[in-house]
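Working notes, beginning with the structure itself.
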Amino acid sequence: MTESNANVNGQSPWRERLSALKNMPPVLKILWDSGPEVVSWGLILRVIVAVLPFAVAKVAQYIITDIAGHLRGEPLPSRFWSLVAAEVALNVVLGLITRAIDYSDSLLANRYTQYVSVRVMEQAARLDLTTYENPVFYDRLERARVQATDRLAMIQQMGRLFQQVITTLVFSAALAWASPWLVLLLALGVLPSFLGETHFAFLGYAKNFRQTTAKRQMDYLREVAGSREGAKEVKLFGLNKFFTERFQALARKIYQEDVALSRSKLIMGGLLGIIGTLGYYGAYVYVIWRTIAGHYDIGQFTFLTAAIQQASSNLQQVFSTASGIADQALFLTDLLAFFAMEPTVRSKPDGLPAPRSIVRGFEFRNVSFTYPGTNRTVLKDFNLTLSPGERIALIGENGQGKTTVVKLITRLYDPTQGQILLDGVDLREYSLEDLHRQIGVIFQDFMRFEMTARENIAVGRVDQTHNQNDIESAAHKSLADTVVVKLSEGYDQMLGRRFEGGVELSGGEWQKMALARAYLRDAQLLILDEPTAALDARSELEVFERFAELTQGKMALLISHRFSTVRMADRIVVLAGGRLIEEGNHQNLMARGGVYAGMFEMQAASYR
């Protein structure tokens, strides 16, 4: 085993396995929380099933002893047919309870999958944008999502282990009573297989850990090559072979690693299996020898051989299942680490409610910001005020910090240095959730929710129940009503092509639906970050005329590259190098003849 295979986190393989066992208590708690009554009934049923094979074997011993006596000329005892009936009844009960356990396991699997999947979704929503911009996080998130459902086998293994341990203890006690050597022979035969299984299970974990990034790349290539969005460029640029060959190269590498591990497991597992077989037959031969020597009668011989078979089988299963659980626990490391992650941007426990009537507005005070993992400072000693009722337009070349201002004022990020104040109070003092309720935002890369038109608008404020008038009013403000009127099902029309009956919209139509969400929010601060990039000039002008009308008395922050719409703002702020270099209304800035005037004239010239 190479160092890269043996050591994923800088620990020896066995220390890694033992360390992974600390994952079991939180996993058991998750399992219990997902369905305590199902877990309880499952344990009770497994206890019964665990002891029934011993009862069946014991009854069979008495039946065989009675038959052997009868063959020697002894009369059948009166209990004989009762014993036969008891054995039949015990096997019937065993079959029924086994089916009940399967039913209980299926219920628990469904509850566990749903519970963990919801936990993953909730945790992902808690984490901030800083986390989502870290590629390492995506690998962890991918493994967490897989582990949320792929660990069902381990959950079922834990139930089987509980049952196997009880059965093993019962039959081992019977064998130890007959002769301790029997238990020792079985254990010595099973132990090498157990060590081998744990060894290869750890290698499997190390392999899967290494392959996570490659598998994500394969998923991406498969999605790009087969998506509707990528189909045009894939065809026009002849990218199919390029993507296919990259996919095949990654798949080939993963296949070779999988085959190498499987081959080693086949050879070593076979050799270790021989040792286990020898241990079993060593105990079996010992019982034959003792029976021939007159120490056991035929009934005891039958019972002990059945006990050897049961103890050996269950002992192997106990070691194998325990090994599997211990090594499966390695795979839970990322899931539990994911659940343990805390957002860097979060509310204080006693966060203040956001003011319901903002009086002084927002103020950026000497704000600097650097994105995590980079050295470039996007904003440097940035100062800006936004007063109630004021509409501000942010302009500047790409990468000058305009969208960063939006992310900071909405507290998707916190400043690296400086403060952002709302009514004189640092944003970090407010409840994050309550602050967001007072802000309506539409980004250029807005979401296209493949839901009904009504739901696409209603998600703008899911904490309230909206009647049809609310939905239609928001749609009218954003001009989305001109889109809905053309849909055959109106507001009940499914949008997008993902689901049956869905209708695809143009980029501009989707944008109007997104604007409706922002208007439905009825927030004190409305932010439009390049929201009309997909609209033609006439539609954009109509949207912004409506925007100017609807934001009277509210704070509004607008980012746009089209100066025909920027000029209607009360104040225009020009950013360059992460700093505010000019501000004023259109007329003042044009009269000044500075950066804004130059940018305006450059754009205007292209229309002449």
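Considering only the stretch 110-130, I want to know if a residue exists there that is under 30 Å from LEU408 (Cα atoms), β-branched (Val, Ile, Thr) and modelled with pLDDT under 75. Can you show your working first?
First, the residues of the stretch 110-130 that are under 30 Å from LEU408 (Cα atoms): 118-130.
Subsequent filtering for residues that are β-branched (Val, Ile, Thr) retains 118, 120, 130.
Keeping just the survivors that are modelled with pLDDT under 75 gives 130.
Yes - at least one qualifying residue is present in the stretch 110-130.
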In the stretch 402-421, the residues that are within 32 Å of the chain's Cα centre (by Cα) and more than 23 Å from GLN438 (Cα to Cα): THR416
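Out of the stretch 419-434, which residues are under 28 Å from HIS561 (Cα atoms) and crowded, with 18+ Cβ neighbours inside 10 Å? Don't jump to the end; show me each part of the working.
Restricting attention to the stretch 419-434, the residues satisfying the condition of being under 28 Å from HIS561 (Cα atoms) are 419-422.
Correct list: ILE420, LEU422.
Going through the stretch 382-398 one residue at a time, which ones are part of a loop (DSSP other than H, G, I, E, B) and over 13 Å from ILE559 (Cβ atoms)?
Taking the stretch 382-398 as the starting set, the residues that turn out to be part of a loop (DSSP other than H, G, I, E, B) are 387-390, 396-398.
Listed by number, the residues that qualify are SER387, PRO388, GLY389, GLU390.
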For the stretch 171-180, check the following and say yes or no: at least one residue is modelled with pLDDT under 75 and in contact with a Gly (Cβ under 7 Å, 6 or more places away or on another chain). no
Go over the candidates LEU412, LEU394, LEU384 one by one and state the one that is of a type in the set (A, V, I, L, M, F, W, C) and touching a Phe, Trp or Tyr at 6+ places or on another chain (Cβ under 9 Å). LEU384
Hey, can you tell me all the residues within the stretch 59-110 that are buried (at least 16 other Cβ atoms within 10 Å of the Cβ), charged (D, E, K, R) and out of contact with any Phe, Trp or Tyr (no Cβ under 7 Å at 6 or more places or on another chain)? GLU87, ASP105
Pull out all pairs, ordered by first then second residue, where Cβ-Cβ is under 7 Å, the residues are six or more apart or on different chains, the first lies in the stretch 204-215 and is farther than 14 Å from LEU250 by Cβ, and the second is polar (S, T, N, Q) and modelled with pLDDT under 80. ALA206/ASN5
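For the structure I just gave you, tell me whether PRO53 is under 25 Å from ALA306 (Cα atoms) and buried (at least 16 other Cβ atoms within 10 Å of the Cβ). Lay out the reasoning, then the answer.
On the way: under 25 Å from ALA306 (Cα atoms): yes; buried (at least 16 other Cβ atoms within 10 Å of the Cβ): yes.
Taking the combined requirement at face value, the residue satisfies it.
For residues in the stretch 553-565 being out of contact with any Gly (no Cβ under 8 Å at 6 or more places or on another chain) and surrounded by fewer than 21 Cβ atoms within 10 Å (Cβ to Cβ), which is farthest from ASN366 (Cα to Cα)? First the steps, then the outcome.
Step one: filter the stretch 553-565 for residues out of contact with any Gly (no Cβ under 8 Å at 6 or more places or on another chain), giving 556-565.
Going one step further and asking which of them are surrounded by fewer than 21 Cβ atoms within 10 Å (Cβ to Cβ), we end up with 561-564.
Working: HIS561: 26, ARG562: 28, PHE563: 28, SER564: 31 Å.
Residue satisfying both the conditions and the ranking: SER564.
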Restricted to the stretch 18-33, and to residues that are in contact with a Leu (Cβ under 7 Å, 6 or more places away or on another chain) and crowded, with 16+ Cβ neighbours inside 10 Å, which residue is modelled with the highest pLDDT? VAL27
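Condition check: closer than 26 Å to LYS554 by Cα, assigned to a loop (DSSP other than H, G, I, E, B) and assigned by TED's automatic domain parsing to the domain that holds LEU515. Does GLN464 satisfy that?
On the way: closer than 26 Å to LYS554 by Cα: yes; assigned to a loop (DSSP other than H, G, I, E, B): yes; assigned by TED's automatic domain parsing to the domain that holds LEU515: yes.
Criteria met by GLN464.
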Name the residues in the stretch 327-381 that are surrounded by fewer than 21 Cβ atoms within 10 Å (Cβ to Cβ) and in a strand (DSSP E or B), would you? LEU352, GLU363, ARG365, ASN366, SER368, THR370, THR377, LYS380, ASP381
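The values are calculated or read from the model by the stated rules, or taken from the named source; none is laboratory data. What you see is a predicted model; the values in this text were computed from it and never measured. Backbone-built Cβ (ideal geometry, glycine too); neighbour counts: all protein chains shown.
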